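Structure, as structure tokens:
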Amino acid sequence: MLYREAGQFKTSYAADMAIFPIRQDRIGVIALLVFAFVGIPLLAHFQLWPLGSDYFLRAILIPFLILSLAAIGVNILVGYCGQISLGSGAFMAIGAYSAYKFGTGVHIPLEFLGTEISIAPLPMIVSILLGGLMAAIVGILFGIPSLRIKGLYLAVATLAAQFFFDWVFLRVKWFTNYAPSGSVAAPDFYFFGYLVNSPIERYLLCLVFVTIFALIAKNLVRGNIGRQWMAIRDMDIAAELMGIRPLYAKLTAFAVSSFIVGVAGALWAFIYLGAWEPLAFSIDRSLQLLFMVIIGGLGSILGSFLGAAFILILPIFLDQVPHALGVPVTVETVSHLVFIVTGALICYLLIVEPHGFARLWSIAKEKLRLWPFPY
Amino acid sequence: MVVFGQFLEVLIGGLLAGVLYSLVALGFVLIFKASGVFNFAQGAMVLLAGLALVRSLDFMVARGIPTWAAIVLGLLFAAVVMAITAAIIQRFVLGPLVNQDGLSLFMATIGITFVIEGAGQMIFGSDVYPLSLFPTDAWFILDGIFEGGLLVSKIDVWGGVIAGALVAVLAIFFQRTKTGRALRAVADDHAAAESVGIPITWIWFVVWLVAGLVALTAATVWGTKLGVQFSIVFLALKALPVLIIGGFTSVPGAIVGGLIVGAGEKIAEVYLGQHIGGGIEYWFAYVLALAVLLVRPQGLFGERIIERI
Amino acid sequence: MKADVQERPETASAGHVVADRVIGDVVLAVDNVSLAFGGVKAITDVSFDIRKGEIRAIIGPNGAGKTSMLNVINGFYHPNQGTITFKGKKRSQMRPYIAASQGISRTFQNLALFKGMSTLDNIMAGRALKMRRGLLWQALHWGPALAEEIRHREAVEKIIDFLEIQHIRKAPVGKLPYGLQKRVELGRALAMEPELLLLDEPMAGMNLEEKKDMSRYILTVNDQFGTTVALIEHDMGVVMDISDRVVVLEYGRKIADGTPDEVQRDQRVIDAYLGISH
Ligand SMILES: Nc1ncnc2c1ncn2[C@@H]1O[C@H](COP(=O)(O)OP(=O)(O)OP(=O)(O)O)[C@@H](O)[C@H]1O
Ligand SMILES: [Mg+2]
């Protein structure tokens, strides 16, 4: 009886168009945000369960936030605009390596002109956003084929991006500042002069990014451009006949999506990994992101979070539960099990509930709204 | 002459390697034509077939079964594994997903890929398993014309021969057998085929089975060349750009596309790779496909479809 | 079919008697248009025009090329020969969204709604062209962007009221009954505030009641907003009832053109229709 919209008359279109038109949802989200911004840091500060050690922050919350952000980006392209992408990993890499270059100073020797382009190291926040920008630009380039080709053909175009950039960051030493091992380490992270170092600071930084971008994404998908994306996804020909320009709609989806994915890539490299190799952004990462979106819910911002949480927790769960039951399993078996469970779940959801966990969640809420009257 | 000889050597090697891409691409085309499914799992199927073959082979040889018998039994065993896989996929995934849009089906095959990779490696192991069905040394040909002759590796030739034989068998299957003809009918028009009483589910099973056997064939050659290992999945993924280049619905397209990709990437590697850092085989096929897409979206052999509304 | 044709005289005279309707100059001219798909000749050398403010029907047996004609008019198909002149501007090749931006909107024979979106969003999508705030404003969903969104929402709510679909405003369109989907599609087309509205069999598959409603909507739109309508319809009663002039296609050729009365008396038309009803 607590969760109900009865008595909440919407007095204006503005109120009707709010992100969370139902008051209980609003309260819930605010509570969640307060907990994330204040509660978790407090728990960590006083070393209370489950934040007694860094593990929970470092190994679960931080990657969860960053992957959620990446999944939001992928969801904009795949879930909202219907353009399949198997190359998100590459766009994370572009974000990461561009941010690395901007953060450590860009030098492009132009010997044949007898000059060089030199940019001094930029502040980290700027570098990360520029990383997103570079990813967006490349995203637009690889999105251009989507104007002539559809669906599955596009999958191959995005694979081209994936494999090409894997190679670029492995072979073109300029991107790694000629590090002999090919692996690079992120420079120290200053946030307006303040060194972001401890896990809780890193966590808060990610949280700020994710909150802002989730809000932006939500605003976009519920506005004019979001409707254009979905129109292209659902019936591209009709959309064009309604005056929606496929060029603009698709390329903005590629740009916005790649931007967010690029920023997530930079955060992944700088905040989560610290030091990384091109392998961190391989096709496995792309497929993982795609899975998050399918499992969480195509065309749902909330689903991006749910999917990221699931994909992240599954291996931990499959590792811990048999241990707890006294059945020892090897690391390999766990990773194979993860493959099987994820793959099977994808198939199952596509058959039974193509809108993923997000839809299950809204069905549950619907039930709750009627509770205790089951009709 | 030396320069030309080297070029010829690269070209021949590339074409023969390309034959295998054609083979895997053929598996894609079969499934795509018959059921409209763009099968991402083709590469995983090659891995599964290879694992089933090499592991059963090792098992039998270790128990003293003569090699030739072990090979025959191993091939049979792998074929059965592929048949079971086809049946499971048809029954539990594609059956329920019938009439869904292409994108959902495609994503489902990515799911299938993961299940196959996970289950295959869990059951059969996840190391590199050497397979030696074919000789792996090389011939030198034409040494009358070119100094030192041209190096042609035997396994590549074997691959070419086997692929050719398989295409011939498939052609006969499609032209001469009842099932094959039914398959072609389904590919042309699902609804019409169903209305004249062709059992669609059976047909789809057969298609997946044939694709599985094609995967097994590719696995024998690649397994011998590289050992049966996980990275075969990515090798087989190159069938995707092959299809883009050749056109999704065209069998000759798959074959020509494979040859173009095989030869193109070898030539690019040798003549371009040394200037820009090497290893471009890794992406060359995909970027080539991208270029083709921009110029001719339907591929070289695909027919252009005018959309309706 | 035959019965319909004979019944027409009474219905036609009792049809639209709207005093202040003004039929103006030619707004769209189709000149010698031909279109072929490979070997199939969908349209052969067809010319006709549509005047401002009129309801123009396009009729003909199945496969006559009616839908193809609409597709040519709004730039989805490019004719092999001939030209389209809209509001005095001649063109042969153009992208559909340009036709849309010039004021041509459309409904479809086999529903082409955006299935994953709500009724409201479908109709709002019809206003995409009219919304001008850039991405950055939309990302904020605030200030001018919010004001614009509300302004268009108001316009869309008027359409929703007009079509009497308030109760399904937030429902995903994919699950609505067929008749309602057709109505939502009309709403989406109206949201563009078109000068020329193309309707491809808006009443196909409807019962009598629904047909009456739909006829009423079309007449009101034409009447109150002066929207020019081109309409494909198989129901002769409706066609004779609401249209000002009729063009008849058969096997891609024009076989008659004129007022409902004239067309109906035309021997070739009678043959074409008798031909399919016997
Ligand atoms: N995209 C296309 N590709 C190939 N042929 C087409 C295409 N669109 C239409 N045709 C063919 O053109 C001819 C005219 O079709 P069209 O859809 O315009 O007829 P119609 O008058 O609308 O018929 P109906 O009353 O059945 O809707 C038909 O023979 C049809 O098969
Ligand atoms: Mg039609």
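The values are calculated or read from the model by the stated rules, or taken from the named source; none is laboratory data. Keep in mind the model is a prediction, meaning the values are calculated, not measured. Here the Cβ positions follow ideal geometry from the backbone for every residue, glycine too, while neighbour counts run over all protein chains shown. SASA here: full protein model, heavy atoms, side chains in, ligands and nucleic acids out. Shrake-Rupley method; radii C 1.70, N 1.55, O 1.52, S 1.80 Å.
Kindly indicate the residue of the range A:174-197 that is in contact with an Asp or Glu (Cβ under 9 Å, 6 or more places away or on another chain) and open to solvent by 40 Å² or more (accessible area, probe 1.4 Å) and also farthest from C:Leu146 (Cα to Cα) among those meeting that condition. Ranking the qualifying residues of the range A:174-197, first place goes to A:Ser181. Would you check if there is a residue in the range C:57-72 being more than 16 Å from ligand 1 (Cβ to nearest atom) and away from chain A (no Cβ under 14 Å)? No, there is no match, as no residue in the range C:57-72 is more than 16 Å from ligand 1 (Cβ to nearest atom) and away from chain A (no Cβ under 14 Å).
Take A:Gly343 and tell me if it is at pLDDT 90 or above and not in a helix (DSSP H, G or I). Give the steps one after another, and end with the answer.
Values: at pLDDT 90 or above: yes; not in a helix (DSSP H, G or I): no.
For A:Gly343, the condition - at pLDDT 90 or above and not in a helix (DSSP H, G or I) - is not met.
Just give me the residues in the range C:159-184 being outside any helix (DSSP H, G or I) and open to solvent by less than 60 Å² (accessible area, probe 1.4 Å), in sequence order. Walk me through how you get there before you give the answer.
The first filter runs over the range C:159-184 and keeps only residues outside any helix (DSSP H, G or I), leaving C:163-165, C:169-172, C:176-177.
Residues satisfying the conditions are C:Leu163, C:Ile165, C:Ala171, C:Leu176.
Screening C:Asn80 on (1) surrounded by fewer than 23 Cβ atoms within 10 Å (Cβ to Cβ); (2) under 14 Å from the mean Cα position of the chain (by Cα); (3) not acidic (Asp, Glu) shows it passes everything except condition (2). Taking the criterion of being within 16 Å of ligand 2 (Cβ to nearest atom), assigned to a helix (DSSP H, G or I) and in contact (Cβ under 8 Å) with a residue 24 or more places away in the chain, would at least one residue in the range C:222-233 satisfy it? Within the range C:222-233, none of the residues are within 16 Å of ligand 2 (Cβ to nearest atom), assigned to a helix (DSSP H, G or I) and in contact (Cβ under 8 Å) with a residue 24 or more places away in the chain.
Which residues, counting only those in the range A:49-96, are polar (S, T, N, Q) and outside any helix (DSSP H, G or I)? Across the range A:49-96, the qualifying residues are A:Ser53, A:Gln83, A:Ser85.
Count, please, the residues in the range B:225-235 that happen to be assigned to a helix (DSSP H, G or I), away from chain A (no Cβ under 13 Å) and touching a Gly at 6+ places or on another chain (Cβ under 9 Å).
To start, the set of residues in the range B:225-235 that are assigned to a helix (DSSP H, G or I) comprises B:225-226, B:232-235.
After this cut, where a residue has to be away from chain A (no Cβ under 13 Å) as well, the list is B:225-226, B:232.
With the extra rule that they be touching a Gly at 6+ places or on another chain (Cβ under 9 Å), the set shrinks to B:225, B:232.
Counting residues in the range B:225-235 that are assigned to a helix (DSSP H, G or I), away from chain A (no Cβ under 13 Å) and touching a Gly at 6+ places or on another chain (Cβ under 9 Å) gives 2.
When B:Thr177, B:Thr136 are checked against the criterion of being within 17 Å of B:Leu30 (Cα to Cα) and either surrounded by fewer than 15 Cβ atoms within 10 Å (Cβ to Cβ) or within 14 Å of chain A (Cβ to nearest Cβ) (or both), B:Thr177 stands alone in meeting it. Against the definition (more than 7 Å from chain A (Cβ to nearest Cβ) and either surrounded by fewer than 20 Cβ atoms within 10 Å (Cβ to Cβ) or in contact with a strand residue (DSSP E or B) (Cβ under 6 Å, 6 or more places away or on another chain) (or both)), how does C:Lys130 come out, yes or no? Here the answer is yes, as C:Lys130 does meet what is asked.
Screening C:Gln138 against (1) within 7 Å of chain A (Cβ to nearest Cβ); (2) more than 27 Å from C:Lys87 (Cβ to Cβ); (3) open to solvent by 40 Å² or more (accessible area, probe 1.4 Å) leaves a single unmet condition, (3). Find the residue count for the range C:52-106, including only residues that are away from ligand 2 (no atom under 13 Å from the Cβ), part of a helix (DSSP H, G or I) and without any contact (Cβ under 8 Å) to a residue 60 or more places away in the chain. Qualifying residue count for the region: 5.
Scanning the range C:170-209 for residues that are acidic (Asp, Glu) and under 21 Å from C:Met236 (Cα atoms) yields C:Asp200, C:Glu201, C:Glu209.
Scanning the range A:148-204 for residues that are hydroxyl-bearing (Ser, Thr, Tyr) and away from every other protein chain (no Cβ under 14 Å) turns up A:Ser181, A:Ser183, A:Tyr190, A:Tyr194, A:Ser198, A:Tyr203. Residue check: B:Val115 meets all listed conditions (1) loosely packed, with under 15 Cβ neighbours inside 10 Å; (2) among the β-branched types (Val, Ile, Thr); (3) within 14 Å of chain A (Cβ to nearest Cβ) but one, namely (1). The set of residues from the range C:235-268 being within 16 Å of ligand 1 (Cβ to nearest atom), open to solvent by 10 Å² or more (accessible area, probe 1.4 Å) and either in a helix (DSSP H, G or I) or within 14 Å of chain B (Cβ to nearest Cβ) (or both) comprises just one member, C:Val238.
Looking at A:Ala96, is it crowded, with 24+ Cβ neighbours inside 10 Å and either at pLDDT below 90 or within 19 Å of A:Ala185 (Cβ to Cβ) (or both)?
When the stated conditions are applied, A:Ala96 passes them.
Look at (1) within 16 Å of ligand 1 (Cβ to nearest atom); (2) assigned to a loop (DSSP other than H, G, I, E, B) and you find that C:Glu193 fails only one, number (1).
Output the residues belonging to the range B:252-309 that are within 22 Å of B:Asp156 (Cβ to Cβ), in contact with a helix residue (DSSP H, G or I) (Cβ under 6 Å, 6 or more places away or on another chain) and open to solvent by 70 Å² or more (accessible area, probe 1.4 Å). Listed by number, the list holds a single entry, B:Tyr282.
Note on the range C:73-89: residues that are within 14 Å of another protein chain (Cβ to nearest Cβ), farther than 18 Å from C:Ala189 by Cβ and more than 9 Å from ligand 1 (Cβ to nearest atom) amount to 3.
Mind checking whether some residue in the range C:50-63 is more than 22 Å from A:Glu240 (Cα to Cα), of a type in the set (D, E, K, R) and open to solvent by 10 Å² or more (accessible area, probe 1.4 Å)?
Just the residues of the range C:50-63 that are more than 22 Å from A:Glu240 (Cα to Cα), to begin with: C:50-63.
Right, trim to of a type in the set (D, E, K, R) and you get C:51-52, C:54, C:56.
Next cut, open to solvent by 10 Å² or more (accessible area, probe 1.4 Å) only: C:51-52.
Checked the range C:50-63: at least one residue is more than 22 Å from A:Glu240 (Cα to Cα), of a type in the set (D, E, K, R) and open to solvent by 10 Å² or more (accessible area, probe 1.4 Å).
Looking only at residues in the range B:282-309 that are part of a loop (DSSP other than H, G, I, E, B) and in contact with a Pro (Cβ under 9 Å, 6 or more places away or on another chain), the one that is farthest from the other protein chains (Cβ to nearest Cβ) is B:Phe301.
Within the range A:10-32, the residues that satisfy the criterion of being part of a loop (DSSP other than H, G, I, E, B), touching a helix residue (DSSP H, G or I) at 6+ places or on another chain (Cβ under 9 Å) and either modelled with pLDDT of 80 or more or not charged (D, E, K, R) (or both) are A:Ser12, A:Met17, A:Ala18, A:Ile19, A:Phe20, A:Pro21, A:Ile22.
Within the range C:108-118, one or more residues are at the interface with chain A (Cβ under 10 Å from one of its Cβ atoms), closer than 24 Å to A:Tyr248 by Cβ, within 16 Å of ligand 2 (Cβ to nearest atom) and at pLDDT 90 or above.
The set of residues in the range B:16-37 being buried (at least 24 other Cβ atoms within 10 Å of the Cβ) and not in a helix (DSSP H, G or I) consists of B:Val37 alone.
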